[in-house]
Amino acid sequence: MESGSVTVEKVDMGEMVPAIPAATLVLLRERDGAAPELLLVERSKGMAFAGGAIVFPGGRIDADDHLLAARHDHIEAECAAARIAAIRETIEESGVPIGLASAPPAGWLDGARRALHDRQAFSGLLDAAGLALDLSALVPFARWRPNFRETRVFDTRFYLVDAGDTTPVATVDKTENRMLFWATAAEVLEKADQGQVKIIFPTRRNLERLAMFGDFDAAAAHAAAHPVSTVLTYIDK
């Protein structure tokens, strides 16, 4: 069966397709008297997964994320590793140093982005600068896991974070992503409905939920009141 340009194969729901653990970060930037803006990136069209789509910053969880997670034993190991991956990927993709326990030294951010792009370990970059992570800043929001075979299948955890004044300004990495922008959930949904941007199903459903909230605290409270359960998506012929 075809879904856009990706060939997918329906499977029996009793069979779980192998999935790559991943994490993504929903940054909310508040504005006086208006709905919060979200940071989104547009993936390069040539990417095997969600090419050309608007998504939140994020990516797969790697081995170093698990090593760092061992330093945060107050959080369940898989969740800690996912939060670290979401922070790491957001720094690489947008240059926003979210989730750090203190401000990074001058010049660290640009160097860290280049090093992460070159696949250097996040733990080493943090240790060299004497930086620690604040994983408690990330609020579990959702978890999506497709159960059909396609080019890439990700088991993705979504986290909310208060972006504050987003200093420094977010800038696209121009590798996996071609641009980034801030917009409200309602604005992105409208653009998608008008065909101006492409969004995948999990992104749409999360945007629809995020459109309910007038600020970060309301979104975080709703997330806390509704513990995350894995949403299994599938193709229905």
Going residue by residue through region 160-167, is there one that turns out to be hydrophobic (A, V, I, L, M, F, W, C), within 16 Å of THR90 (Cβ to Cβ), assigned to a strand (DSSP E or B) and open to solvent by 30 Å² or more (accessible area, probe 1.4 Å)? no
Taking the conditions exactly as written (assigned to a helix (DSSP H, G or I) and over 15 Å from the mean Cα position of the chain (by Cα)), does ALA112 satisfy them or not? yes
Test for THR171: is it hydroxyl-bearing (Ser, Thr, Tyr), open to solvent by 40 Å² or more (accessible area, probe 1.4 Å) and modelled with pLDDT under 95: yes
Residue among LEU133, LEU189 that is under 21 Å from ILE54 (Cα atoms), open to solvent by less than 30 Å² (accessible area, probe 1.4 Å) and either among the small types (Gly, Ala, Ser) or touching a Leu at 6+ places or on another chain (Cβ under 7 Å) (or both): LEU189
Out of curiosity, is PRO140 within 27 Å of ARG205 (Cα to Cα) and touching a Ser or Thr at 6+ places or on another chain (Cβ under 8 Å)? no
Output the residue which, of all residues in region 86-101 that are closer than 13 Å to VAL161 by Cβ and outside any loop (DSSP other than H, G, I, E, B), is nearest to the chain's Cα centre (by Cα). ALA86
Conditions first: (1) open to solvent by less than 70 Å² (accessible area, probe 1.4 Å); (2) over 21 Å from PHE154 (Cα atoms); (3) free of Cβ contacts under 8 Å to residues at least 40 places away in the same chain. ARG204 passes all but one, so which condition is the exception? (2)
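Matching residues to (1) at pLDDT 95 or above; (2) assigned to a helix (DSSP H, G or I):
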residue: GLU78; (1), (2): yes, yes
residue: ILE84; (1), (2): yes, yes
residue: ALA103; (1), (2): no, no
residue: ALA106; (1), (2): no, no
residue: SER123; (1), (2): yes, yes
residue: LEU131; (1), (2): yes, no
residue: SER136; (1), (2): yes, yes
residue: ARG145; (1), (2): no, no
Only one residue in MET1, MET16 is modelled with pLDDT under 95, touching a Ser or Thr at 6+ places or on another chain (Cβ under 8 Å) and open to solvent by 60 Å² or more (accessible area, probe 1.4 Å), so which one is that? MET1
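The values are calculated or read from the model by the stated rules, or taken from the named source; none is laboratory data. All of these numbers come straight from a predicted model, not from anything done at the bench. FYI the Cβ positions are ideal-geometry reconstructions off the backbone, even for glycines, and counts take in every protein chain you see. Please note that ligands, DNA and RNA were not included when accessible areas were found on the heavy atoms of the full protein model with its side chains. Shrake-Rupley method; radii C 1.70, N 1.55, O 1.52, S 1.80 Å.
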